[in-house]
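**Q** Let me give you the structure first, and then I'll get to my questions.
The values are calculated or read from the model by the stated rules, or taken from the named source; none is laboratory data. From a predicted model like this one, the values you see are computed outputs, not experimental measurements. No Cβ is skipped: glycine too gets one built from the backbone with ideal geometry, and neighbour counts run over all protein chains shown. Keep in mind that these areas ignore ligands, DNA and RNA; they rest on the heavy atoms of the full protein, side chains included. Shrake-Rupley method; radii C 1.70, N 1.55, O 1.52, S 1.80 Å.
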Amino acid sequence: MYDIVVIGSGPGGYVAAIKAAQLGFNVAIIEKSELGGTCLNWGCIPTKALLKSATVYKYATHSNNYGIKVDSVEADFNAIINRSRGVADTMSKGVQFLLKKNKVEVINGFGKLVTKNTIEVDKTDGTTQIVEASKIILATGTHSRDLPNIIKDGKKIIGYREAMTLPEKPESMLVIGSGAIGMEFAYFYQTLGTSVTLVEFMPDILPLEDKEITKLLGRELKKMKMKVLTDSAVTEVDTKGEKCISKVKTPKGEEVFETDIVLLAAGVTTNIEGIGLDKVGVNVDRGKVVVDKFYKTSVDNIYAIGDIVSGPALAHVASAEAICCIENIAGLSPEPINYDIVPSCVYCSPEVASVGLTEEQAIAAGYTLSIGKFPYTASGKATASGSREGMIKIILNADNDDILGAHFLGEGVTEMISSISVAMKNNLKGKDIIKSIHPHPTMSEAIMEATEVAHGSCVHL
């Protein structure tokens, strides 16, 4: 019998397994597909490789802006796709190495609960294995969901997996959903020359982000010639002909679009079907496994982490939950995760990054606000870099100088948001940001400048 068995090897599962092994537990991990899960193989990592290629292509096609003459620039779509798959493969092998190094046994197959201590694994080699464990951690993640009236066929109506491995670049694409997945793919394909129409059901793109930031991003997308439809819904997609014929209900009436591909990016669904939750009595609510603050389910020795539990469906959240869960099992009394200060990033260009309350949320909560904004147009580093699109926005509690939220748009902001996460985690004030010397010239000094604006003391605006 193992001390701990983890089902799923994504950023929640493999972190849980490795952390448990480092704390002295005898651990196995069950994975039906590639090690690293969706994030590493079909999500976070390979999409960033695609986006990097798009960025390089964008720089090359605008090289004259930097005094560099390039006679001809061509995007090799197949090479871009192959590079992305190579990056994913490299990282998956890295996870394999870490599991082996930490003496975690890998069992390849589909695991399902039989009893509270027993898992039946339908192995990839066609055999069945029974695995017993004192503790079981479920980390099975999510997959792209269909809409009631729009079902993926993998060819004309595709999900994010197919979008990463298309055999050729489509001339046109309609993207349904402008969350992080839809936004990043829309940007990638539009940058490479595909004519993209982005359709969002909510009134704003990136509906969970600060509205002022998303409006600025929307302007940049329109500069790229991307067609963006908000407050709109795709009611029907006809794939019988050579093209996809999509009917879209918009505030101005119905519009019809003819595209090569329709990318369905309207959310994800948890991978909890068929894993035996009902058989052993694990409670589920609205498609999510119910857990306590240390990720214990309704069954004492069974835990769940990552996208299958309530909370932001983000890789870094899954990893944090994994560590918290294992440390609690080990009796180390970890601090529960504060979900109010989880950073979020979207890797289009300009990038979007945020943490804490949006302006709308802070007002609704009754706070008196002091808001500071610093545009990238006033940043020396952004101007020198040729990336003047963006803004740093800091939201403070005017009564006590607490940092309530931060919302960034611009080059490099996904690398900068962690400083605000650290500040909020340690209950720092706006004045602490101002009094911390930021290097010049950098994009990050705009954080200090924006906070100074909130204090009414910025010398550069």
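**Q** Got the relative contact order for the chain handy, in percent, Cα pairs under 8 Å and 6 or more residues apart?
**A** Values: 962 pairs, mean separation 63.9, N = 461.
Normalised by residue count, the contact order of the chain is 14 percent.
**Q** First select every other residue whose beta carbon is under 13 angstrom from the beta carbon of residue 213; then total the charges, Lys and Arg +1, Asp and Glu -1.
**A** Summing Lys/Arg as +1 and Asp/Glu as -1 gives -4.
**Q** How far apart, in nm, are the 7 Å Cα→Cβ label points at residue 93 and residue 402?
**A** Going by the 7 Å Cα→Cβ label model, 4.9 nm.
**Q** Tell me, for the chain, which Cys residues have no other cysteine's C-beta sitting closer than 4.7 Å.
**A** So, 244, 324, 325, 345, 348, 458.
**Q** Now for a separate question. Within the stretch 1-142, what whole-number % of the accessible surface is contributed by carbon and sulfur, with the 1.4 Å probe and all protein chains included in the calculation?
**A** 51
**Q** Net charge near residue 280: determine it from the other residues with C-beta under 13 Å of the C-beta of residue 280, scoring Lys and Arg +1 and Asp and Glu -1. Walk me through the intermediate numbers first.
**A** Details: positive: 112, 116, 279; negative: 120, 278, 300.
Neighbour charge sum, excluding residue 280 itself: 0.
**Q** Lys and Arg at +1, Asp and Glu at -1: add these up for the other residues within a Cβ distance under 12 Å of residue 228 and post the number.
**A** +2
**Q** Return the carbon/sulfur percentage of the accessible area of the stretch 311-461, one whole number, probe 1.4 Å, all protein chains in place.
**A** It is 52 percent, rounded to a whole number.
**Q** Only sites in a loop by DSSP and with at most 13 other Cβ atoms within 10 Å count here; which GluC sites (Glu not before Pro) in the stretch 67-175 make the cut?
**A** Values: sites: 74, 105, 120, 132, 162, 168, 171; in loops: 74, 168, 171.
Within the stretch 67-175, the qualifying GluC sites (Glu not before Pro) (loop, at most 13 other Cβ atoms within 10 Å) are 74, 168, 171.
**Q** Separate question: From the backbone phi of the stretch 312-321, what are the Karplus-calculated ³J(HN,Hα) couplings (6.51 cos²θ - 1.76 cosθ + 1.60, θ = phi - 60°) in whole Hz, Gly and Pro given as x?
**A** Along the stretch 312-321, the couplings run x, 7, 10, 4, 5, 5, 4, 5, 5, 5 Hz.
**Q** Right, here's the next one. Based on the alpha carbons, how large is the Rg to Rh ratio for the stretch 405-460 when Rh follows Kirkwood?
**A** Here the Rg-to-Rh quotient is 0.93.
**Q** While we're here: Let me have the relative contact order for the stretch 81-208, percent, based on Cα pairs under 8 Å that are six or more residues apart.
**A** 14
**Q** Pop out the ³J(HN,Hα) list for the stretch 389-395 in order, Karplus 6.51 cos²θ - 1.76 cosθ + 1.60 with θ = phi - 60°, rounded to Hz; leave Gly and Pro as x.
**A** Listing the rounded values in order: 7, x, 7, 10, 10, 10, 10 Hz.
**Q** Roughly how far apart, in whole Å, are the Cα centres of the stretch 433-455 and the stretch 248-282?
**A** 41
**Q** On average, how much accessible surface per residue is there in the chain, in Å², for a 1.4 Å probe, leaving out ligands, DNA and RNA?
**A** Value for the chain: 47 Å² per residue.
**Q** Over the stretch 334-423, with a single point scatterer placed on each C-alpha, what log10 of the ratio I(q)/I(0) does the Debye formula yield at q = 0.18 1/Å?
**A** Ignoring solvent entirely, the Cα scatterers give -0.81.
**Q** Long-range amide H contacts for residue 412: which residues qualify at under 5 Å (H placed 1.01 Å from N, peptide plane, sequence gap of 5 or more or a different chain)?
**A** 351
**Q** From the phi angles alone, apply the Karplus equation (6.51, -1.76, 1.60; θ = phi - 60°) to the stretch 81-88 and give each ³J(HN,Hα) in whole Hz, x where the residue is Gly or Pro.
**A** Rounded to whole hertz, the list is 4, 5, 4, 4, 5, x, 4, 4.
**Q** From the P(r) of the stretch 1-132, could you give the percentage of C-alpha pairs in the tail past 27 Å?
**A** 37
**Q** How would you rank 43-51, 279-287, highest first, on the average number of other Cβ atoms within 10 Å across their residues?
**A** Per-residue Cβ counts within 10 Å, averaged per peptide and sorted highest first, yield 43-51, 279-287.
**Q** In the stretch 177-230, which GluC sites (Glu not before Pro) fall in coil by DSSP and have 13 or fewer other Cβ atoms within 10 Å?
**A** none
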